[in-house]
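Notes follow once the structure below has been shown.
The values are calculated or read from the model by the stated rules, or taken from the named source; none is laboratory data. This structure is a prediction, so every number in the text was calculated from the model and none was measured. Cβ placement follows ideal geometry from the backbone for every residue including glycine, while neighbour counts extend to all protein chains displayed. SASA here: full protein model, heavy atoms, side chains in, ligands and nucleic acids out. Shrake-Rupley method; radii C 1.70, N 1.55, O 1.52, S 1.80 Å.
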Amino acid sequence: MQWGLNWFICTLRSSIGKKLIMALTGLGFCIFLIAHLAGNLTICAGEDAFNSYSERLHALGPLVILTEIGLLFFAVTHVFIGAYLFYENFRARPEKYLIKKNAGGRTIGSVTMPYTGLFILLFIVLHLVDFHFVEKTDQTIYQIVLETFSNPGYAFFYIVSMIIVAIHVSHGFWSAFQTLGVSNSGYMSLFRVMGIVISLAVGFGFGLLPIYISFIS
Amino acid sequence: MTKAGNKSCINLKLKVWRQKGPDVKGRFETYKARDVSTNMSFLEMLDVVNEEMILSGKDPIAFDHDCREGICGACGTMVNGRAHGPEKGTTLCQLHMRHFSNGDTVIIEPWRSRAFKVVKDLVLDRSVFDKIIQAGGYISVNTGGAPDGNAIPVPQESAEKAMDAAACIGCGACVAACPNASAMLFVGAKVSQFTLLPQGLPEAKKRALAMIGKMDELGFGNCTNETECEKECPKEISIENIARMNREFLKAGLS
Amino acid sequence: MQLDSKIPDGPLSEKWDRHRFELKLVNPANKTKSKIIVVGTGLAGASASATLAELGYEVMTFCIQDSPRRAHSIAAQGGINAAKNYQNDGDSIWRLFYDTIKGGDFRSREANVYRLAQISNNIIDQCVAQGVPFAREYGGQLANRSFGGAQVSRTFYARGQTGQQLLLGAYGSLSRQIAAGKVRLFTRREMLDLVVIDGKARGIIARNLVSGELEKHAADAVVLASGGYGNAFYLSTNAMGSNISAAFASYRKGASFANPCFVQIHPTCIPVHGTYQSKLTLMSESLRNDGRVWVPRSPEDRRPPDQIPETERDYYLEEKYPRFGNLVPRDVASRRAKVQCDMGKGVGDTRLAVYLDLKDAIEKDGRDVIARKYGNLFEMYEKITAQDPYETPMMIYPAVHYTMGGLWVDYNLMSTIPGLFVLGEANFSDHGANRLGASALMQGLADGYFIIPYSIGDYLAKSSHDTAREDHSAFNESSLQVETRIKKLLSIGGKRTVDDFHRELGHILWENCGMTRKEKDLKKAKKLIADLRAEFWENVLVGGTGKGFNQSLEKAGRVADFLQFGELMVMDALERKESCGCHFNEDFQTDEHEALRDDENFCHVSAWEYRGEGSKPKFHKEPLEFENVELTQRSYK
Ligand SMILES: Cc1cc2nc3c(=O)[nH]c(=O)nc-3n(C[C@H](O)[C@H](O)[C@H](O)COP(=O)(O)OP(=O)(O)OC[C@H]3O[C@@H](n4cnc5c(N)ncnc54)[C@H](O)[C@@H]3O)c2cc1C
Ligand code: HEM
Ligand code: SF4
Ligand code: FES
C-alpha cells in the first residue's frame, strides 16, 4: 500500500481509519445532541424563552447554515461508512456459529449499533420533515412542537427514538475514545461512565420533553 | 477406574463439526463420550473418543494441539459458544472436564472467520497471523553487533506492560470470539509490545501501518469495540493494546 | 568411521576466536547461490534460519506445526543463563563454563562448553535488541535470578515465559527474512528422510501433513534442529508432536547417535493422575527455592497432609543433604523422590507423588510475597488439579523433561554425515550427562545465532559439488522408501491403536530405563521393546489413508521410530557401566547411594553407528579430555 502518499485515501481504506471517522463524526453528533438538548430545555422556561431561543439561533444566519451543512456531511459520512463497516463485518464470518455466547464484553448498546443507527437515521429524516422543513410562517416553533406532540402516536415514536439514541450513545461515546487511542485504563473507565451519563441525559432529557409538553398543554 | 454416576466420572453428548477439507461442506455429528473422568483435560477427553473411533473404523476428529500446557497456541475450538470453553484465562488444553456435568451436551465448533480456512474438522489454517507478523511484527536487527543488553535502560513499568502484550500465544480466540471476526487484539498486542520498548521506536510508524494494512488485506472484520476478545483471550490481553495501536495509527498518519 | 571432534588447538579461552579466523569464508556472491535446508523452528532452527538468510544464503525452513512460533521452545519457563555478571556476584565466563561442565558430571567437551559460556553474553544482547521483554529492575537494568541451585544470579527471564519470548524474538527475525524472500517457509511438513548423495547430505523428503504428498527438497547443506526425544517415554513435559523421526532418519542414513541414554528427569512436575493422561506439566523448579519437600514417615500414614504432625513428616532432602537441602540438583532430587515412593511413602491416589510444601514460606514471607513469586504457577496447578496450593501442599513427581543425548556433532556442529549439521536439543553437544537449568535455551540460541553461520560457511566454501537437484535418483529412492513405509503402516489394520503402543513403550522405558537403571532391568527392557516393536508392525491400527490430513498416521510413524530408538537407548544404558549425571545405574553407586562415576573407563562419548535393520549398531567412543578442570565427585551433602 502507498502509505503516506495520500493520507486521506489510505485512512479511508484502512479499517482503523474508517473507525476514526466514525468516532469523530459520532462525537460531533454527541456535541450537537448536548447543545440541542440545552436549547430544547429552554422550553421548560416557557413559550417565550423557547421561541426566542429559536429566533436567536436562526439569527446567526450563515453560521447555522454552515453547521447544518457540516452536520449533514457528518451524517452522510457516518451513515455510509457505518453501513460499509457493517457490510464488511458481515462478510468477515461467512459461516456462522451454531451457538455463540456472550463472554461478558458486549452490551445492548454495542450489539445493536447498526440497528439503532438505522433507526436514528429514520428518526432524523422524519424529525427534520416535522420540525425543520415544516412551514413556519404562520406559527411559532413552540406551536409546532406543541401540536406535533399532541399526537400520542408521534410522542410515543419520539420517546422510543430517544431511548434508542441513548442506547447508541451508551456504547458509541466511550467506544469513540477507545478508537481515538485513549489507552489509559483510568481514563477509559471515566469515559465509560461519561458515556452512560450522557446517554441517560439524552434519553431522559429529550424523552421527557413530550411528556412535559403534554402536561403543560 | 470409577464409572459414570460417580461424581468423578461423567457421560457427555458431543456435537462436533466435521469437515473433510477446506472446500467441502461440513456438518455436525453427534458422538457419545462415556465414563469421562472429571480429572481429564478437554483434549484428553477427545483423545479417548478418538481412540474408540479408530478402533471402530471411523475417522477420528482432527484437532490441533501441541504443548498441552497453554503456551503454544495450537489448540482452540468453540465449546458451547465460548472460545476455549467457559473458563476465564484458560486455553482449551487447560480446560478440565470437572467444569462439565453428567449428561451435558457439548457443542464443538472450529473458530469461524473468513481469514481462517478449515483444514479438516477443527483444524484451521491460521497462517494469516504469520503473514501479519511478516509485514512488520519485529525489530529489524541482524544477528551480531547488538550493543550490551544494559546499554538501553527500559523502565520497569514499560517492560512489564510490553510483557503483558507479548504474552499473546497467537491462538486466534480473539478473532473467533469477536462478533466481527476482527484481529485487532492480536495485532494490537504485537504493535504495543514494540511501541512500549525503546528498541521498537525507530520503526514504530512503519510497523503500525504495515501490520494494519496487512490485517485489512487478509479479510478480518473491523473492530467495533465489543471487548469480547479481551474477555475470551486465554492470556487476558487487554484492549488497552488496541487503543494503543489506534493511537499509533493516528500518530503515523499525522506525523 | 573416525570420530574427529575437530577441537581447535590453543588455550581454552582462545580456541573459538582462533577457529573463527581459520574457518573459510564464502564469497558473498556465492552465498546467494547456496541453498540451505533448516528443519525445525525452535530456538535453534529459527535463529539459524534467520541468521543464515541475513548472511545471504537461500534458506528453506520446515516445521511440523501450523506456525513456526509454536515449536516447543515456546514452553520453557524458567530462564536463560549468561555470564554477564551484572549482579557483581562473582560470575564469569569461566564460572559458567565450570558449573556447566561439573553439572554435566564431566561427560561433555571442555571446548564446546567454554564456547557456550563465551557466547552466552552475545545472546542476551541480541535478544534485547530484538525487543524481548526481559524482566527489569526499577532502574531499567536487566534483572537476574538464581536458578537451579546456582550460587550466582545469572539467569535472565521474562516472567515464567522466557522460552516463549526468546522464541518470538527469533520468530520475528525469521519472519523478517521470509518477508524479504530470503527464507521459504514450509509449515505442517514432517521430514521423514534425509537424502545423502556421494556421502553428503543433500536434501530431505518431507510429508506435507495437509495434502499427504511427499515432497523432495534439495540443498547444499541440511541443518537439523528438530528438538529432543523425551516423548519416547510417552509421558513427558514435551509437546505432543515432539519426535525423534528427523534425527532417526538421519541416523539410519549414517549419522552417529551419541549418548542416547542421557535423559533428564525433572523433579517438580504435576504427578500422573490417570491412564488417559497425555502429557505431564512442569512446575518451575524455582518453587524449590521456597518449598519444602516431604512425605509421611510411615508408609501406612494415609491422613491428609494437614493432619500429619511435624514429627511424623520426613523432610528427606533436608535430612540427607543438610548443605543443599531442597536445592539439590535435578537428578538427585528426582531419584530421592522415587526412592521414597518405592518405599511406599508416596502420597496421593496413585501414591506416586511427594509433597512440595510452601506453608512455611507463606507464614514467613506472607501470602502476597509468595503470590508475587509463584502466583501464576499456583494458578496453573489449580487449573490442572483443582487444589489450592495456598491451602494444601502441592503434589509433585519427577517427569521426563530433556534429552542430553542426540546426534553426534563435532566442534562445527556437523554430524558424521558431511553437510548435515545438528543444532539445539537434537544434538548431544554441551550438557554431558545432566543439563543445568536455564542452559538449553542458551545452547539453542548459541548454536543458531552464533556458531552455525560460521561453521556452515566453512563447509560450503570447502566442498565442491554440483547444484542440488530433486530429480537425482537418490531422492526417488528415499521417497519410495518413505512411501512404502507409510503404505505398510496403513495396511496392517491390526487391533491396537498407535497411542496404545506408545503408552506401553513409555511404560517399559520409564520402569527400566528411567530415573534408576539396573543391568537386569535393562536387559529385560531390551527384549520387551523388541517384542513390542514386532507386535507393532503386525497389530497396529492406524486408520484413514495416506492422502490428506491424518493425525493417526503422523503418530504411527513417530511411534515406529521411537520403538526402534528405545532399543538403542537401552543398549546405550547397558554399555555405560557406571553412574553419571542422569544415568544412575544402581549397580554403580557409592555407599551413600550416590552416583559412582568411572572416569577410568567411561570418560567418553558413546556414539552409535547404524548398520542396517536387524544388525546391532556399531559402538564408537570419543574420549573426553580434561585439560583445564579437575574431575571431582559431585557432592551436595
Ligand atoms: C516444559 C519445558 C520447560 C523448559 N524450561 C527451560 C528453561 O527454563 N530453560 C532452559 O534453558 N531450557 C528449558 N527447557 C528446555 C528447552 O526449552 C529446549 O531444550 C529447547 O527449547 C529446545 O529447542 P530446539 O530449538 O532444539 O527444539 P524445539 O523447540 O523442540 O523445536 C523443534 C522444531 O523442530 C520441528 N520438527 C521436529 N521434528 C520434525 C520433523 N520430523 N520434520 C520437520 N520439523 C520437525 C518442530 O516443528 C519444531 O519447530 C524446557 C523444556 C520444556 C519441555
Ligand atoms: C444522534 C445521532 C448519532 C450519534 C450521536 C452517533 C454516535 C456514534 C458514536 C459516538 C459512535 C462510535 C464510533 C466509534 O466506535 O468509534 C457511533 C458508531 C456507529 N454509528 Fe452512530 N451516531 C448517530 C447516528 C447514527 C446513524 C444515523 C447511523 C446509521 C444509520 C449510525 C450508525 C452507527 C454505526 C453502525 C456505528 C458503529 C460503527 C463502528 O463502531 O464501527 N449512527 N455512532
Ligand atoms: S490476543 Fe489472546 S486470543 Fe488473540 S491470539 Fe493472542 S492470546 Fe489468542
Ligand atoms: S496445546 Fe498448546 S496452547 Fe493448548
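Only one of these is open to solvent by 30 Å² or more (accessible area, probe 1.4 Å) and either within 8 Å of chain B (Cβ to nearest Cβ) or touching a residue at least 12 places away in the same chain (Cβ under 8 Å) (or both): C:Arg159, C:Arg136. Name it.
C:Arg159
Among the residues of the range B:61-90, write down those that are open to solvent by 30 Å² or more (accessible area, probe 1.4 Å) and assigned to a loop (DSSP other than H, G, I, E, B).
Within the range B:61-90, B:His65, B:Asn80, B:Pro86, B:Glu87, B:Lys88 meet the criteria.
With a cut-off of at least 3 residues that are over 24 Å from C:Glu425 (Cα atoms), name the strands (runs of 3 or more DSSP E) lying wholly within the range C:118-227.
Because the criterion is at least 3 residues that are over 24 Å from C:Glu425 (Cα atoms), the strands (runs of 3 or more DSSP E) in the range C:118-227 that meet it are C:214-218.
Tell me which residues, restricted to the range B:1-26, are over 20 Å from B:Lys58 (Cα atoms) and either modelled with pLDDT of 95 or more or of a type in the set (Lys, Arg) (or both).
B:Lys3, B:Lys7, B:Ile10, B:Asn11
Report yes if C:Ser250 is in a loop (DSSP other than H, G, I, E, B) and either open to solvent by 10 Å² or more (accessible area, probe 1.4 Å) or away from ligand 2 (no atom under 16 Å from the Cβ) (or both), otherwise no.
Criteria not met by C:Ser250.
For the structure I just gave you, tell me whether A:Val193 is within 15 Å of A:Phe29 (Cα to Cα), away from every other protein chain (no Cβ under 14 Å) and assigned to a helix (DSSP H, G or I).
It is false that A:Val193 is within 15 Å of A:Phe29 (Cα to Cα), away from every other protein chain (no Cβ under 14 Å) and assigned to a helix (DSSP H, G or I).
Which count do you get for residues in the range B:169-220 that are touching a residue at least 40 places away in the same chain (Cβ under 8 Å), over 12 Å from the mean Cα position of the chain (by Cα), within 16 Å of ligand 2 (Cβ to nearest atom) and assigned to a helix (DSSP H, G or I)?
Residues in the range B:169-220 being touching a residue at least 40 places away in the same chain (Cβ under 8 Å), over 12 Å from the mean Cα position of the chain (by Cα), within 16 Å of ligand 2 (Cβ to nearest atom) and assigned to a helix (DSSP H, G or I): 3 in total.
Check C:Ser146, C:Ser92 and return the single one that is farther than 20 Å from C:Gly444 by Cα, open to solvent by 10 Å² or more (accessible area, probe 1.4 Å), more than 16 Å from ligand 4 (Cβ to nearest atom) and at pLDDT below 95.
Residue meeting the stated conditions: C:Ser146.
Only one of C:Thr268, C:Thr237 is away from ligand 2 (no atom under 16 Å from the Cβ), in contact with a strand residue (DSSP E or B) (Cβ under 7 Å, 6 or more places away or on another chain), part of a loop (DSSP other than H, G, I, E, B) and open to solvent by less than 20 Å² (accessible area, probe 1.4 Å); which?
The match here is C:Thr237.
Looking at the range B:16-33, can you tell me whether even one residue there is closer than 25 Å to B:Asn180 by Cα, acidic (Asp, Glu) and assigned to a strand (DSSP E or B)?
No; the residues of the range B:16-33 include none that is closer than 25 Å to B:Asn180 by Cα, acidic (Asp, Glu) and assigned to a strand (DSSP E or B).
Is it the case, given these coordinates, that C:Glu110 is in contact with a Phe, Trp or Tyr (Cβ under 9 Å, 6 or more places away or on another chain) and acidic (Asp, Glu)?
yes
What are the residues in the range C:447-469 that are basic (Lys, Arg) and outside any helix (DSSP H, G or I), if any?
Correct list: C:Arg469 only.
Search the range A:5-48 for residues being assigned to a loop (DSSP other than H, G, I, E, B) and within 14 Å of chain B (Cβ to nearest Cβ), and hand back the single one that is nearest to A:Phe191 (Cα to Cα).
Only one residue fits best here, namely A:Ser14.
In the list B:Thr91, B:Thr105, which residue meets the criterion of being at pLDDT 95 or above and within 16 Å of ligand 1 (Cβ to nearest atom)?
Of B:Thr91, B:Thr105, the one residue that is at pLDDT 95 or above and within 16 Å of ligand 1 (Cβ to nearest atom) is B:Thr91.
Would you confirm whether any residue within the range B:148-168 is part of a strand (DSSP E or B), at negative phi and not aliphatic (A, V, I, L, M)?
The answer is no, given that none of the residues of the range B:148-168 is part of a strand (DSSP E or B), at negative phi and not aliphatic (A, V, I, L, M).
Quick one: in the range C:17-63, of everything that is surrounded by fewer than 24 Cβ atoms within 10 Å (Cβ to Cβ) and of a type in the set (S, T, N, Q), which residue is modelled with the highest pLDDT?
By that ranking, first place goes to C:Ser34.
Please name all residue pairs, on different chains or six or more residues apart, with Cβ atoms under 6 Å, provided the first residue is in the range B:87-115 and is aromatic (Phe, Trp, Tyr) and the second residue is in a loop (DSSP other than H, G, I, E, B).
B:Trp111/B:Gly172
Say whether the condition of being hydrophobic (A, V, I, L, M, F, W, C), outside any loop (DSSP other than H, G, I, E, B), without any contact (Cβ under 8 Å) to a residue 60 or more places away in the chain and open to solvent by less than 30 Å² (accessible area, probe 1.4 Å) is met by at least one residue in the range C:380-403.
No, the range C:380-403 contains no residue that is hydrophobic (A, V, I, L, M, F, W, C), outside any loop (DSSP other than H, G, I, E, B), without any contact (Cβ under 8 Å) to a residue 60 or more places away in the chain and open to solvent by less than 30 Å² (accessible area, probe 1.4 Å).
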